[in-house]
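**Q** One structure is given below, represented as structure tokens, and several questions about it will come after.
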């Protein structure tokens, strides 16, 4: 019964609607990330799944059981908050074993499961240390372990890594995924960090202003965003989005991008879909899909070059007509002046300029 079904879920706080008619199915054993900016409704959704908030409309099912009105304590879920809420007067061992002891588990089982979880999370050497005085990184690891040791069928995590340092976040992404796979839990993970969602989740539910925008695998939402919000939000940097107008040129359907120039002809399936679309469009392509070519039809002046480890990011142009292009740092790159470029044909995406919705080829 560890599949989760959200059916017509709505949450209002007075006159404010925090969540608007959300339908989402999370499979048994799936790692689902709820991803979006602050205030998008992801934590509200999590709180309703946990039983901390009651929906204004709709139902929540765990498997075939309707748990909409069931109290949190009877839902059998594990929950880890952004605030780790550790008992600082207890030792690490006492914190890890707290839930098992409250359930009256045999001492041998408590010791075995506590020891196993401590080893998995690298806490064995700290078991007899008081929690007070431990680093934030260790305390958050301990909070995750305290909930995970209960082996809940459904594990909910609300931005558990947002207070820890970058290096520790990278380690914990791997450890959380390993925990989820080992215990075969259904895991719902709330985050505003698209890197966390992309690296850990089986599927991502992208949210904005209380509306579910898109659900798909990390590659699906990255490669085929349903609208300009998802295109901008997913990716580091996000998708380049340029205003343009469809026109026939050079023997095919192209996009006039104003001061940048006229794009190469659109690939066949996309051109066929765009033929019946409004003339005003948004021309999109990922920064990683930019090809430099002195003979390319598009050109913008180089403004800034960012060198970030193995990557270099060229910033071209300014304002609405700015473009970012990502390359490996070892590649020869221009230092100044006009840079001519062309996105890979297969990487081009079009969006309706009025609605922001994707124009998709067959």
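The values are calculated or read from the model by the stated rules, or taken from the named source; none is laboratory data. Computed from a prediction, not measured in an experiment: that's the story for all the values here. Cβ atoms come from the backbone with ideal geometry, glycine included; neighbour counts cover every protein chain shown.
**Q** Can you tell me which residue among 124, 91, 68, 114 is without any contact (Cβ under 8 Å) to a residue 60 or more places away in the chain, buried (at least 20 other Cβ atoms within 10 Å of the Cβ) and over 22 Å from residue 159 (Cβ atoms)?
**A** Details: 124 fails: buried (at least 20 other Cβ atoms within 10 Å of the Cβ); 91 fails: buried (at least 20 other Cβ atoms within 10 Å of the Cβ); 68 fails: buried (at least 20 other Cβ atoms within 10 Å of the Cβ).
After ruling out the rest, the residue left standing is 114.
**Q** Residue check: is residue 358 outside any loop (DSSP other than H, G, I, E, B) and farther than 18 Å from residue 233 by Cα?
**A** Details: outside any loop (DSSP other than H, G, I, E, B): yes; farther than 18 Å from residue 233 by Cα: no.
Criteria not met by residue 358.
**Q** For the range 275-291, indicate whether the set of residues that are over 17 Å from residue 246 (Cα atoms), out of contact with any strand residue (DSSP E or B) (no Cβ under 8 Å at 6 or more places or on another chain) and surrounded by fewer than 12 Cβ atoms within 10 Å (Cβ to Cβ) is non-empty.
**A** If we filter the range 275-291 for residues that are over 17 Å from residue 246 (Cα atoms), which is where we start, we get 286-291.
Cutting the leftovers down to out of contact with any strand residue (DSSP E or B) (no Cβ under 8 Å at 6 or more places or on another chain) gives us none.
Within the range 275-291, not a single residue is over 17 Å from residue 246 (Cα atoms), out of contact with any strand residue (DSSP E or B) (no Cβ under 8 Å at 6 or more places or on another chain) and surrounded by fewer than 12 Cβ atoms within 10 Å (Cβ to Cβ).
Results for (1) within 27 Å of the chain's Cα centre (by Cα); (2) under 21 Å from residue 229 (Cα atoms); (3) free of Cβ contacts under 8 Å to residues at least 60 places away in the same chain; (4) assigned to a strand (DSSP E or B), shown as yes or no for each residue.
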| residue | (1), (2), (3), (4) |
| --- | --- |
| 278 | no, yes, no, no |
| 300 | no, no, yes, yes |
| 303 | no, no, yes, yes |
| 307 | yes, no, yes, yes |
| 312 | yes, no, yes, yes |
| 320 | yes, yes, no, no |
| 331 | no, no, yes, no |
| 339 | no, no, yes, yes |
| 342 | no, no, no, yes |
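**Q** Looking for whichever is out of contact with any strand residue (DSSP E or B) (no Cβ under 6 Å at 6 or more places or on another chain) and on the phi > 0 side of the Ramachandran plot here; the options are 252, 238, 268, 258. Which one fits?
**A** Working: 252 fails: on the phi > 0 side of the Ramachandran plot; 238 fails: on the phi > 0 side of the Ramachandran plot; 268 fails: on the phi > 0 side of the Ramachandran plot.
Exactly one of 252, 238, 268, 258 is out of contact with any strand residue (DSSP E or B) (no Cβ under 6 Å at 6 or more places or on another chain) and on the phi > 0 side of the Ramachandran plot, namely 258.
**Q** Taking the residues in the range 164-177 that are modelled with pLDDT under 85 and touching a helix residue (DSSP H, G or I) at 6+ places or on another chain (Cβ under 6 Å) as candidates, determine which candidate is surrounded by the fewest Cβ atoms within 10 Å (Cβ to Cβ).
**A** 168
**Q** Considering 188, 215, which residue is within 21 Å of residue 2 (Cβ to Cβ) and surrounded by fewer than 22 Cβ atoms within 10 Å (Cβ to Cβ)? Spell out the reasoning first.
**A** Numbers: 188 fails: surrounded by fewer than 22 Cβ atoms within 10 Å (Cβ to Cβ).
After applying the criteria, what remains is 215.
**Q** Scan the range 139-151 and tell me whether some residue there is farther than 30 Å from residue 60 by Cβ and surrounded by 15 or more Cβ atoms within 10 Å (Cβ to Cβ).
**A** Checked against the condition, which is being farther than 30 Å from residue 60 by Cβ and surrounded by 15 or more Cβ atoms within 10 Å (Cβ to Cβ), the range 139-151 yields at least one hit.
**Q** Give me the residue from the range 96-146 that is in a helix (DSSP H, G or I) and touching a strand residue (DSSP E or B) at 6+ places or on another chain (Cβ under 6 Å) and, out of that set, nearest to residue 85 (Cα to Cα).
**A** First, pick out the residues of the range 96-146 that are in a helix (DSSP H, G or I): 96-102, 107-120, 124-126, 136-146.
With touching a strand residue (DSSP E or B) at 6+ places or on another chain (Cβ under 6 Å) added as a condition, the list becomes 143-144.
Details: 143: 7, 144: 11 Å.
Among those residues, the one meeting the criterion is 143.
**Q** Out of everything in the range 22-41 that is part of a strand (DSSP E or B) and surrounded by 15 or more Cβ atoms within 10 Å (Cβ to Cβ), what residue ends up being farthest from the chain's Cα centre (by Cα)?
**A** Going residue by residue through the range 22-41, those that are part of a strand (DSSP E or B) are 22-26, 31-35.
Those left that are additionally surrounded by 15 or more Cβ atoms within 10 Å (Cβ to Cβ): 22, 24, 26, 31-35.
On the way: 22: 17, 24: 16, 26: 15, 31: 12, 32: 9, 33: 6, 34: 6, 35: 4 Å.
Among those residues, the one meeting the criterion is 22.
**Q** Any idea which of 353, 358 is more than 18 Å from residue 260 (Cβ to Cβ), surrounded by 13 or more Cβ atoms within 10 Å (Cβ to Cβ), touching a strand residue (DSSP E or B) at 6+ places or on another chain (Cβ under 9 Å) and modelled with pLDDT of 90 or more?
**A** Details: 353 fails: more than 18 Å from residue 260 (Cβ to Cβ).
Going through 353, 358 in turn, just one is more than 18 Å from residue 260 (Cβ to Cβ), surrounded by 13 or more Cβ atoms within 10 Å (Cβ to Cβ), touching a strand residue (DSSP E or B) at 6+ places or on another chain (Cβ under 9 Å) and modelled with pLDDT of 90 or more: 358.
**Q** Which residues, taken from the range 94-111, are loosely packed, with under 14 Cβ neighbours inside 10 Å and either under 20 Å from residue 135 (Cα atoms) or modelled with pLDDT under 90 (or both)? Let's see the steps before the verdict.
**A** Within the range 94-111, the first condition is being loosely packed, with under 14 Cβ neighbours inside 10 Å, and the residues that meet it are 101-104, 106-109.
Correct list: 102, 103, 104.
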